[in-house]
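The values are calculated or read from the model by the stated rules, or taken from the named source; none is laboratory data. No experiment lies behind these values; they were computed from the predicted model shown. Don't worry about glycine lacking a Cβ; one is built from the backbone with ideal geometry, like all the others, and counts go over all protein chains shown.
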Amino acid sequence: MSQPANLEARPGPQPVSPQGPAVPVDHRHDPAFRWPARVPWSVLEPDFTGAWGLADPGDPQPEGLEIIGQTGSGKTYLLCSALQARMVRRETPAVIICTKKADRVFARLGWPVIDRPEDVNKHPNAIYWPTTSAMGNQRKAFYDRKIGDLLESLWVEDSNRIVAFDEIGYAESLSGDMRATVQQYWREGRSLGITVVAMKQRPQGTQRDMHSETYWTAAFKPKDRGDLERWAELYGHRRDWMPVFDSLDRPAHGDRGEQREFVIRHSRSDEAYISWIDTPLHPVDPPKPKGPAWLGGKKPANP
């Protein structure tokens, strides 16, 4: 991802330079570490969307994305903004697997809500949101069956789509078979053109594949000081990255997830930026299915 033009400095909780707070030279563990520039999403997004999965234009490959943030951090807002941009700029099919009881942010996306795997053929960009009134183990069995049916239906040659989980930890907890299926998606999905995107409240407690098989990591400031070290280790040496997360601005005005800062890093290029969603998320109609070529999974690899 090339450095965006017209970088806009944004102060954090305390006065900072465009490159962030001054850090003592002897603090840095990695000599190559550089403080991430603060760049609004409206400036960063076009470069991010253009680079996501296209780091090598001659050999485009799906690149997984993990988004880490505790409840109310703004991770769903970032997920929806990123997937909407992929749809608008590259017409990438995507399905979001939802297991929450409710989340108003998804309504801002404007995508149809479906609950049957076959409906993906009619709605390439959709929210897969089966619901049940069951409780306890019966509820888990319901989601295990419904999500399993969807993942099995998408596991075809040239699937070429994004599969996003609203809470990857919950999906993995449904059953041993589901955990194995999610691992299969992480490890082998790229060969079918599948890009996996996963949200998680904390990096702990999930399969290591989520971290080892993703090229993009986005994380918001943790609420729990005890999580800060693990958060920082996702990006590199914790002595370098803990001060970065400490510097993130987390406004206290309501639940406006578009204002919360996050750090996004691409492991292949080692580029990282501090960003925040500075434009409201409004519904955009998904593109219409493009006939047999689309339904047959024959779109160009990694659209």
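Taking the criterion of being farther than 22 Å from residue 223 by Cα, of a type in the set (A, V, I, L, M) and touching a Pro at 6+ places or on another chain (Cβ under 9 Å), the residues of the range 47-87 that qualify are 54, 85, 87. Just so you know, in the range 234-261 the residues that are more than 27 Å from residue 51 (Cβ to Cβ) and either within 15 Å of the chain's Cα centre (by Cα) or part of a helix (DSSP H, G or I) (or both) include one that is modelled with the lowest pLDDT, and it is 239.
Look through 108, 104, 190 and report the one residue that is under 21 Å from residue 282 (Cα atoms) and either modelled with pLDDT of 95 or more or buried (at least 16 other Cβ atoms within 10 Å of the Cβ) (or both). Walk me through it before giving the result.
Values: 104 fails: either modelled with pLDDT of 95 or more or buried (at least 16 other Cβ atoms within 10 Å of the Cβ) (or both); 190 fails: under 21 Å from residue 282 (Cα atoms).
On inspection, the qualifying residue turns out to be 108.
Being part of a loop (DSSP other than H, G, I, E, B) and at pLDDT 80 or above holds for only one residue in 70, 84, and it is 70.
Within the range 287-297, can one find any residue that is modelled with pLDDT of 65 or more, in contact with a helix residue (DSSP H, G or I) (Cβ under 8 Å, 6 or more places away or on another chain) and either in a loop (DSSP other than H, G, I, E, B) or under 30 Å from residue 174 (Cα atoms) (or both)? Break it down into steps so the answer makes sense when it comes.
Filtering the range 287-297 for residues modelled with pLDDT of 65 or more gives 287-289.
Cutting the leftovers down to in contact with a helix residue (DSSP H, G or I) (Cβ under 8 Å, 6 or more places away or on another chain) gives us 287, 289.
Cutting the leftovers down to either in a loop (DSSP other than H, G, I, E, B) or under 30 Å from residue 174 (Cα atoms) (or both) gives us 287, 289.
Scanning the range 287-297 turns up at least one residue that is modelled with pLDDT of 65 or more, in contact with a helix residue (DSSP H, G or I) (Cβ under 8 Å, 6 or more places away or on another chain) and either in a loop (DSSP other than H, G, I, E, B) or under 30 Å from residue 174 (Cα atoms) (or both).
Whenever a residue of the range 178-193 is outside any helix (DSSP H, G or I), its partners that are among the hydrophobic types (A, V, I, L, M, F, W, C), lying with C-beta atoms within less than 6 angstrom and at least six residues away or across chains, give the pairs 193/301. Scanning the range 132-152 for residues that are under 24 Å from residue 282 (Cα atoms), in a loop (DSSP other than H, G, I, E, B) and in contact with a helix residue (DSSP H, G or I) (Cβ under 8 Å, 6 or more places away or on another chain) turns up nothing. Among the residues of the range 41-67, those identified as in a loop (DSSP other than H, G, I, E, B) and crowded, with 20+ Cβ neighbours inside 10 Å are 52, 53, 62, 63.
A quick yes/no check of all residues on (1) more than 26 Å from residue 71 (Cα to Cα); (2) polar (S, T, N, Q):
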{"residue": "114", "(1), (2)": "no, no"}
{"residue": "126", "(1), (2)": "no, no"}
{"residue": "131", "(1), (2)": "no, yes"}
{"residue": "135", "(1), (2)": "no, no"}
{"residue": "140", "(1), (2)": "no, no"}
{"residue": "153", "(1), (2)": "yes, yes"}
{"residue": "172", "(1), (2)": "no, no"}
{"residue": "176", "(1), (2)": "no, no"}
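Pairs only if they're at least six apart or on different chains, beta carbon under 6 angstrom, first in the range 128-146 and loosely packed, with under 14 Cβ neighbours inside 10 Å, second not in a loop (DSSP other than H, G, I, E, B) and not charged (D, E, K, R); list them, first residue then second. Listed by first residue and then by second, the contacts come to 132/142; 134/142.
Taking the criterion of being modelled with pLDDT of 75 or more and in a helix (DSSP H, G or I), the residues of the range 212-233 that qualify are 225, 226, 227, 228, 229, 230, 231, 232, 233.
Does the range 157-177 hold any residues that are closer than 17 Å to residue 98 by Cα and assigned to a helix (DSSP H, G or I), and which are they? Selection gives 168, 169, 170, 171, 172, 173. Listed by first and then second residue, the pairs linking a residue in the range 87-115 that is over 23 Å from residue 279 (Cβ atoms) and in contact (Cβ under 8 Å) with a residue 12 or more places away in the chain to a residue that is in a helix (DSSP H, G or I) and aromatic (Phe, Trp, Tyr), with Cβ atoms under 7 Å apart and 6 or more places separating them unless they lie on different chains, are 98/106; 99/143; 99/170. Screening the candidates 209, 177, 158 for the property of being at pLDDT 95 or above, under 25 Å from residue 117 (Cβ atoms) and of a type in the set (Asp, Glu) yields one hit, 177.
For residue 111, the conditions (1) in contact with a Ser or Thr (Cβ under 7 Å, 6 or more places away or on another chain); (2) assigned to a loop (DSSP other than H, G, I, E, B) are fulfilled apart from (1).
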